[in-house]
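Note sheet for the following structure.
The values are calculated or read from the model by the stated rules, or taken from the named source; none is laboratory data. None of these values were measured; they are calculated from a predicted model. Ideal geometry is used to build each Cβ from the backbone, glycine not excepted, and the neighbour counts take in all protein chains shown. Each accessible area value is taken on the protein alone, full model and side chains, heavy atoms only, with ligands, DNA and RNA left out. Shrake-Rupley method; radii C 1.70, N 1.55, O 1.52, S 1.80 Å.
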Amino acid sequence: MVLWTQCAKVIIISCMKIYLATGNEHKKKEMERIFSGFQIVIPKDENIDFNPDETGSTFIENSLIKAKALWDIVHAPVIADDSGICVDALGGVPGLFSSRYAGAQFSRGRADGKKIPQAEQNRLLIEQLNNVLLNGEKLPAAPYLNGPRSCHYSCALVCYAGFDRFFAVQETMEGALIEKIEDAAGSGGFGYDPLVVISQYGKTVAELSDSQKDEISHRGKAGRALYQIIKNVFLETK
């Protein structure tokens, strides 16, 4: 009976589809590794038009907005994340606005809403931090775990399982920004990963292997915790 139950659980998991509220293929690949055995589907896989306004004031709020918006369309379990890089000396900038960041003057994004290329975002972030440190204008948002160039990624991960029924986890990955843009390194990862050095490896996030990144990343840690919750919750209902 125990053996049959365990086999049944494996079958249930392997057949279960979970929607991921993103258009980012990199995030899909990360979640497929973390949620091994589940079928991960993003909106464009099924030609779903999905672009909700992220009006929350925290990572968790934005995750919930995205998760509920997709659940309202598919009426099936949805995972959503909101994540960003927070630079301590900049008071947590760019944080929630990491994807829209456009330099010190437009830390929350340009007024016209247009995003600038990632390479330009990377250059401007290093430039902004260097200027602040040079002028002694640090605005601490958190303890400097890795010196004056300390930063961390945050990830709020939500599983929306039904009306007013959800599970949420938030995790971080700590690192430090490189000193000059010419030091950017690595072709793996995405976003600001070539800028963030992880002290235990002496490499940028973009230089880490998938397995190394999954082990220490904000999304990896949050994903593993949420995986256990989802597995336990959905198996209990079968």
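Values computed for the structure shown
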{"item": "Test: residue in region 101-124 that is under 22 Å from T22 (Cα atoms), in contact (Cβ under 8 Å) with a residue 12 or more places away in the chain, of a type in the set (A, V, I, L, M, F, W, C) and open to solvent by less than 20 Å² (accessible area, probe 1.4 Å)", "result": "yes"}
{"item": "Residue within region 172-181 that is farther than 18 Å from G91 by Cβ, open to solvent by 20 Å² or more (accessible area, probe 1.4 Å), among the β-branched types (V, I, T) and touching a Leu at 6+ places or on another chain (Cβ under 6 Å) present", "result": "no"}
{"item": "Residues satisfying the stated conditions in region 208-238, i.e. touching a helix residue (DSSP H, G or I) at 6+ places or on another chain (Cβ under 8 Å), of a type in the set (D, E) and open to solvent by 40 Å² or more (accessible area, probe 1.4 Å)", "result": "D210"}
{"item": "Pair list, Cβ under 7 Å, 6 or more apart: region 82-96 residue free of Cβ contacts under 8 Å to residues at least 40 places away in the same chain, other residue in a strand (DSSP E or B) and not acidic (D, E)", "result": "V93/V87; P94/G84; P94/I85"}
{"item": "Which listed residue is within 13 Å of the chain's Cα centre (by Cα) and at pLDDT below 95, from K213, K238, K231", "result": "K213"}
{"item": "Failed criterion for D112 (all others in (1) acidic (D, E); (2) touching a strand residue (DSSP E or B) at 6+ places or on another chain (Cβ under 9 Å); (3) at pLDDT below 95 hold)", "result": "(2)"}
{"item": "Test: residue in region 134-157 that is aliphatic (A, V, I, L, M) and crowded, with 20+ Cβ neighbours inside 10 Å", "result": "yes"}
{"item": "Any chance E32 is at pLDDT 95 or above, in a helix (DSSP H, G or I), surrounded by fewer than 20 Cβ atoms within 10 Å (Cβ to Cβ) and of a type outside the set (F, W, Y)", "result": "no"}
{"item": "Region 209-232: number of residues that are in contact with a strand residue (DSSP E or B) (Cβ under 7 Å, 6 or more places away or on another chain) and either among the aliphatic types (A, V, I, L, M) or part of a helix (DSSP H, G or I) (or both)", "result": "10"}
